[in-house]
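Quick note: the coordinates plus some simple rules give every number you see, no bench work behind them. Note that the coordinates shown come from a computational prediction; the quantities given were computed from them, not determined experimentally. Cβ placement follows ideal geometry from the backbone for every residue including glycine, while neighbour counts extend to all protein chains displayed.
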């Protein structure tokens, strides 16, 4: 069973050491880069968590929830990174379940994400989960929407 935990001094090194596979690197930045991106975009009001299984970090997730600026998308899955050594074990799906529950408990009816296309793209993963393309493309990334019931 996984949990989402705040990134603290105690787990930071382990979380920052997580890496995706080589063909996925063009689709998701590393943890440090993602956190720097969040700091540079304060209007997005990013929330970052370590994805933890039995006290061991296996991934990183970052969302924009209630945003402070109309330039940002609320209820947005900004980053989802599962370490290459832990992929294909259900951690990504379990993390999405937790994020959907987080939004559902707050009364949110839809969430969004985006992804680039090509080998290693997470689009098929998101579509299997239930996300659907919105028809919008920004900076080469396809936007996807998930209805939350």
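One quarter of the surface of the convex hull around the alpha-carbon atoms of the range 107-149 equals 3.1 nm², the direction-averaged projected area.
When 121, 114, 34 are sorted by how many other C-beta atoms sit within 10 angstrom of their C-beta, beginning with the fewest, the order is 121, 34, 114. In the chain, helices alone account for a calculated mean residue ellipticity at 222 nm of -7000 deg cm²/dmol, with every DSSP H run of four or more residues adding -39,500 (n - 2.57). Give me the orientation-averaged projected area of the Cα convex hull of the chain, in nm², one decimal. For the chain, averaging the hull's shadow over all directions gives 8.7 nm². Given their separation in residues at 0.36 nm each and the Cα-Cα distance between them, residue 125 and residue 65 gain 19.4 nm when the chain is fully extended. With a cut-off of 20 Å, note down the residues of the range 100-126 whose backbone N falls inside the zone around a label point 7 Å from the Cα of residue 1 toward its beta carbon. The answer is 100-105. Computed over every Cα-Cα pair of the range 1-61 and binned at 5 Å starting from 0, the pair-distance distribution P(r) comes out as 4, 19, 26, 25, 18, 8, 1 percent.
Please report, to one decimal in angstroms, the Kirkwood hydrodynamic radius of the range 77-118 built from all distinct Cα-Cα pairs.
Numbers: mean 1/r = 0.0850 Å⁻¹.
Averaging 1/r across every pair of different Cα atoms and inverting gives 11.8 Å.
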